[in-house]
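The values are calculated or read from the model by the stated rules, or taken from the named source; none is laboratory data. Owing to the predicted nature of the structure, the values given are computational and were not obtained by experimental measurement. Neighbour counts are summed over all protein chains in view; Cβ atoms, including those assigned to glycine, are modelled from backbone coordinates with ideal geometry.
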Amino acid sequence: MNFSILSRLSAGAALGLLMTGTALADPGLIYDLGGKFDKSFNEAAYNGAERWKAATGGNYLDFEITDGAQREQALRRMVSQGANPIVVMSFNWGSVLPVLADEYPDVKFVVIDSVVEKPNVRSVVFDEHTGSFLVGALAALKSETGKYGFVGGMDVPLIHKFYCGYAQGVKAVRADAEVYENYTGTTPDAWNNPTVAGELAKAAYDRGAEVVFAAAGGSGLGVIQAAQDNNKFAIGVDSNQNHIAPGFVLTSMEKRVDVAVETAFTDGPDLETGLQVLGLAENGVGYSVDDNNRSLLTDEMIAQVEDYKAKIIAGEITVHNYETDSQCPL
């Protein structure tokens, strides 16, 4: 199932509550490693939950895991507290959730960034490669050095998906460009290591890159700091991170995890399950422009990227999806 969600947000949530004769169960949210306030992936989920709360006056349960071994226990506890639906964050739930979904068939679950084929699970995935293409094009339009950086978090196919789209966008503008690809680690700790991320970004700047894209969760803050320290540019990810360092964050590749969470809470225990794919056409991914970065972007740059966006949506440009084909054509 592939359907748009942006038209069914807070107003719909409030209306749904008004039309319900009995109180609904509180929804639940379990953040992944990196913390609730990582200014990226987890915080986007928190923002969506808080927006739902503000619109409806409802309450929700949430929990921050600090170790991957906590996943099963945390989910069982939330089920025991009566939460429904329950949203869990990241592909790392791929082995735990199928077992518990079978054990608790009357509970609806939503998993972000993974596909779990169970009748009571909604799987939400994003076309990160298309959004990454757009910020790659912006990077190449901004800098004429022909050298660009990428710092990923955990070295997994999902983050290679960001890299491949980004590099393709860069090379759509500059076919001869070099893109330096690095990752902060191979374990979940990679999402919370801004020191290593900053060092990798500095190495790219030292090699001539002016722009580095960070797809690294909380580790990405190290890339933004390195951009400030070296008078260069970073590209943020997941949330709009332009405000973290105005003048040094060229843009952010927004992945609307906040919308996915808010919509799940809005839909409640009767939410539709199955696969939900959010891309450019659904405004599930994109790039951010606000008062913190508008002066860094010319009208011509934005027009060019909007043209790419329209062509991707229309099928005139195909952006390679690393998760379905690991042979990135670069």
Wholly within the stretch 120-212, which strands (runs of 3 or more DSSP E) include no fewer than the required count, namely at least 3 residues that are assigned by TED's automatic domain parsing to the domain that holds Gly268? 121-126
With at pLDDT below 95, closer than 24 Å to Ala216 by Cα and not charged (D, E, K, R) as the only criterion, which of Gly94, Gly136 stands out? Gly94
Filtering the stretch 234-286 down to residues that are crowded, with 24+ Cβ neighbours inside 10 Å and among the hydroxyl-bearing types (Ser, Thr, Tyr), which residue is farthest from the chain's Cα centre (by Cα)? Thr266
Filter the stretch 63-118 for residues that are among the charged types (D, E, K, R) and touching a strand residue (DSSP E or B) at 6+ places or on another chain (Cβ under 9 Å) and give the result. Glu64, Arg71, Arg77, Lys108, Asp113, Glu117, Lys118
If a residue must be in contact with a helix residue (DSSP H, G or I) (Cβ under 8 Å, 6 or more places away or on another chain) and within 15 Å of Gly274 (Cβ to Cβ), how many such residues does the stretch 100-116 contain? 7
Can you work out which of the residues in the stretch 287-297 that are more than 17 Å from Val257 (Cα to Cα) and in a loop (DSSP other than H, G, I, E, B) is nearest to the chain's Cα centre (by Cα)? Val289
Does the stretch 144-165 contain at least one residue that is surrounded by 24 or more Cβ atoms within 10 Å (Cβ to Cβ), at pLDDT 95 or above, of a type in the set (D, E, K, R) and in contact with an Asp or Glu (Cβ under 9 Å, 6 or more places away or on another chain)? yes
Selection status of Leu330, assigned to a loop (DSSP other than H, G, I, E, B) and either in contact with a strand residue (DSSP E or B) (Cβ under 9 Å, 6 or more places away or on another chain) or modelled with pLDDT under 95 (or both): yes
Among (1) outside any loop (DSSP other than H, G, I, E, B); (2) polar (S, T, N, Q); (3) not assigned by TED's automatic domain parsing to the domain that holds Ala54, which single condition is Thr263 missing? (3)
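Can you report the number of residues in the stretch 216-233 which are over 15 Å from Asp38 (Cβ atoms) and either buried (at least 24 other Cβ atoms within 10 Å of the Cβ) or touching a strand residue (DSSP E or B) at 6+ places or on another chain (Cβ under 8 Å) (or both)? Don't jump to the end; show me each part of the working.
In the first step, residues of the stretch 216-233 are kept if they are over 15 Å from Asp38 (Cβ atoms); the result is 226-233.
Keeping just the survivors that are either buried (at least 24 other Cβ atoms within 10 Å of the Cβ) or touching a strand residue (DSSP E or B) at 6+ places or on another chain (Cβ under 8 Å) (or both) gives 226-227, 232-233.
Result for the stretch 216-233: 4.
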Do you know which residues across the stretch 299-326 are within 19 Å of Arg174 (Cβ to Cβ) and either surrounded by 14 or more Cβ atoms within 10 Å (Cβ to Cβ) or touching a Lys or Arg at 6+ places or on another chain (Cβ under 9 Å) (or both)? Met301, Ile302, Gln304, Val305, Tyr308, Lys309, Ile312, Ile317, Val319, His320
Residues in the stretch 26-65 that are under 20 Å from the mean Cα position of the chain (by Cα), farther than 16 Å from Phe109 by Cα and either in a helix (DSSP H, G or I) or at pLDDT 90 or above (or both) total 14
